[in-house]
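Report on one structure; see the data block that follows.
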Amino acid sequence: MVYTEAMTFKTHQTIAFAALATVAVIYYPNGLGPATIGVSLVSNAVGALLPDMDQASNRLWDWLPGGNFWGRILKNLFGSHRSITHSILGLILIYMMVGWVFSRLFNPEYINLMIATGALMIGYISHILADGLTEDGIPLLWPIKLRFGFPPIRSWRIKTGRWFEKWIILPIAVLYTIGLLTFNWKILMGMIG
């Protein structure tokens, strides 16, 4: 069976930002500098798209120089959509890789690497969880081909890119985010150091 359906870019980005804002309100990391906040927001957006790096059409490739070239290479390397990048093993590997890259890319005197890495991983995990709501589910135990999804009955799950995602899931995520930001604005502004 070939799995090709993917939740849309807008939905993944919105859910990732909602998840990041939720975690920020709950854990309240105070004293964040503008550099950490900026890197964390970009990291979250990248993390929301990273699991789909196995698709040449991923919006992430549009953001990078030569991205279409790399997208085609990775698509061929992975062989199919929703393989290792949507699994627990992929999650662990990405976490280790991001930690290594961020420690070499950013100066820890200006950017809290733990916060930036956490923001990327929140985006990544939110993507995987959202894809678990779709008909195709996710191969959490890759390379075992068993796919998991919620609800367990496949026909009850979301058909991506269709009306339910566009007119129910995405608007709920947007309204949730607006409400969260509105009711917690003072808390969020208090995080800036």
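The values are calculated or read from the model by the stated rules, or taken from the named source; none is laboratory data. No experiment lies behind these values; they were computed from the predicted model shown. Methodologically, a virtual Cβ is constructed for each residue, glycine included, from the backbone with ideal geometry; neighbour enumeration extends over all protein chains shown.
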- Task: Filter region 134-147 for residues that are out of contact with any Phe, Trp or Tyr (no Cβ under 7 Å at 6 or more places or on another chain) and surrounded by 12 or more Cβ atoms within 10 Å (Cβ to Cβ) and give the result.
- Result: Thr134, Glu135, Pro139, Leu141, Trp142, Arg147
- Task: With the checklist (1) within 16 Å of the chain's Cα centre (by Cα); (2) of a type outside the set (A, V, I, L, M); (3) within 30 Å of Pro34 (Cβ to Cβ) in hand, flag the one item Thr134 doesn't pass.
- Result: (3)
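Here are Ala45, Ala24, Ala18: which of them is modelled with pLDDT of 75 or more, in contact with a Phe, Trp or Tyr (Cβ under 6 Å, 6 or more places away or on another chain), under 16 Å from Gly123 (Cβ atoms) and small (Gly, Ala, Ser)? Even if it seems obvious, please write down each step before you answer.
Numbers: Ala45 fails: in contact with a Phe, Trp or Tyr (Cβ under 6 Å, 6 or more places away or on another chain); Ala24 fails: in contact with a Phe, Trp or Tyr (Cβ under 6 Å, 6 or more places away or on another chain).
Only one candidate qualifies: Ala18.
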- Note on the structure: Quick count over region 105-116, residues being more than 11 Å from Thr36 (Cβ to Cβ) and in contact with a Phe, Trp or Tyr (Cβ under 9 Å, 6 or more places away or on another chain), is 0
